[in-house]
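To start, the structure itself, in structure tokens.
Every number here is computed from the coordinates shown, using simple stated rules; none is lab data. Predicted, not measured: the structure shown is a model, and the values here were computed from it. Cβ placement follows ideal geometry from the backbone for every residue including glycine, while neighbour counts extend to all protein chains displayed.
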């Protein structure tokens, strides 16, 4: 479906992509990880036909640079940094829907599922929205249309836990017929979403690994925690995950989205000194 | 074609919200209002009275302000959009590069030309309402001159935006281009003629390659067909092209320059990295 054949890219004498060879099939969900400057964004921009490059990139047999309209019709893209567009949100959605031959309503519906009140924000300049709202809107634009490839750069970084769960649900609905390329500089952010990991370093793919996909994207885990003593920092963190406290803040319970389990455990590991018990139960969570 | 108009519309709406557009509109609207306020329609200079005098003054002021305004604001916004990541996102949507580039140019052209034209049209309508005679031949020719002036400098600005990779470089280049044109209006040419004893024909040819000089001379042509105010240089111009010929040249040449620059800009844009 997507092929990178000996793709190289040089900026001012510095080789940013070095002879990349990749073959990505339909239905693969790929985590593109690596430190800053590893070449992730450059690889994505080559795929989107935004950069010139040595070698060849093919998407369904088409060259993104030459047949960009046809190729991009099938690619939904969510950038890491939202563009500082001054146009009203309503116009942005209308513009994107017209270009993508989609319906504005589909994008608005996805935005609503992610928790955006489109009626309230339609007249606001896009640049005035909060970071999370911008991210939700860009996801809605990328997913409110017919695409077979989703390219997302840190897509869930600014989302609250509820929106993250819905985002995972949206991805789960497209598992069969969509290829996903999710870029992140941290593997734990995206590990549970993917079935293949590509690690980049200095313009090369240094790791190409398949991962077990036992985690349901749309599922939730029931979580219970017991603490040695109540503490403000962990309470604040758990409230951010919509947990509720009992027994004077010594016991907490809530639900964690399946793909978020690693991220949740990473957060909770900071307070391991005051943690006396923890349980994560797949069967008691909803949406299994 | 649909995508071209969508992109043009997008650029118009973005520009209408930008501060530079507000200033731009206020400047040209303000100029006309000021000319009326100072009673220019009643003044008589070189035999001109009424709206002719106002239009002559207006076009002279436009020639001073419009080129630098168009150059700086266009390179700022286009190069700024690229730097800020607007191109990265919007060009990830399925729009062809030709629709994007020419749509952006078209949108910006509408935004640049409309305030200048509407200010002049407003003056004409006001004159009609007050039973002051409107010199329609001057009005139409000046409209054509303003239209091609806007196009010419927009084309140059798009080329500079494509070449420069940062806003600072683009702005600097735009200023240098404008300054070179201003200096070549008289100062450098006169200096070169005196120092190197160059042929008058060569000096006039160099001057007429400068769009600013072309506008200035074409604007004079309507009320001074012999170009007496230019002195001996007028002989070269009138002998070579004639009055009508030069008026046609005054419209066609900037149109060609603008189109050529915009086309080269598109060619470079299409071949290079987009964001």
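Points to keep in mind about this one:
- Cα-based equivalent ellipsoid, region B:91-131: semi-axes from gyration tensor eigenvalues, Å: 37, 6, 6
- With both labels modelled 7 Å from their Cα along Cα-to-Cβ, the residue A:248 to residue B:26 distance reads 6.3 nm.
- Distance between the 7 Å Cα→Cβ label points at residue A:5 and residue A:236: 5.5 nm.
- Relative contact order for region A:220-281, counting Cα pairs under 8 Å that sit 6 or more residues apart, in percent: 54
- The slack in the chain from residue A:104 to residue A:188, taken as 0.36 nm per residue of separation less the alpha-carbon distance, amounts to 26.9 nm.
- Angle of helix A:89-99 to the longest C-alpha principal axis of chain A, folded into 0 to 90 degrees and rounded to 10: 40°.
- Degrees separating the helix B:97-129 axis from the principal Cα axis of chain B, which is the longest one: 30
- Distant alpha-carbon pairs in region A:11-163 (separation over 29 angstrom), percent: 22
- Projected label points at residue B:175 and residue B:131, each 7 Å from Cα along the beta carbon direction, are separated by 5.2 nanometres.
- For region B:1-140, the fraction of alpha-carbon pairs in successive 5 Å shells from zero, as %: 2, 9, 17, 19, 14, 11, 10, 8, 6, 4, 2, 0
- A convex hull fitted around the alpha carbon atoms of region A:47-88 yields 110 Å³ per residue.
- Tail weight of P(r) past 33 Å, computed on alpha-carbon pairs of chain A, percent: 29
- Values of log10 I(q)/I(0), in the order q = 0.09, 0.12, 0.17 Å⁻¹, for chain B under a Debye, Cα-only, solvent-free model: -0.46, -0.80, -1.33
- The percentage of C-alpha pairs in region A:8-96 whose separation is greater than 16 Å is 63%.
- q = 0.10, 0.16, 0.18 Å⁻¹: log10 I(q)/I(0) that the Debye formula gives for region B:145-275, counting C-alpha atoms only: -0.38, -0.86, -1.00
- Diffusion coefficient, µm² s⁻¹, Stokes-Einstein with Kirkwood Rh over alpha-carbon pairs of the protein assembly as shown at 10 °C and 1.306 mPa s: 58
- Principal axes of region A:160-285: Cα extent on each, largest first, Å: 50, 33, 22
- Whether region A:102-243 is rounded, prolate or oblate, judged on the alpha carbon gyration tensor where a/c under 1.5 counts as rounded: oblate
- Estimated 222 nm signal from helices in chain A, with DSSP H stretches of n ≥ 4 weighted -39500 (n - 2.57), rounded to 500: -8000 deg cm²/dmol
- For B:7, B:57, order by how many other beta-carbon atoms lie within 10 Å, fewest first: B:57, B:7
- Here region A:220-281 is treated as a Stokes sphere of Kirkwood radius computed over C-alpha pairs; at 37 °C and 0.692 mPa s its diffusion coefficient rounds to 288 µm²/s.
- Calculated FRET efficiency for the pair residue A:282/residue B:256, C-beta based, R₀ 60 Å, to 0.05: 0.25
- On Cα atoms only, tilt of A:131-143 relative to the major axis of chain A in degrees: 50
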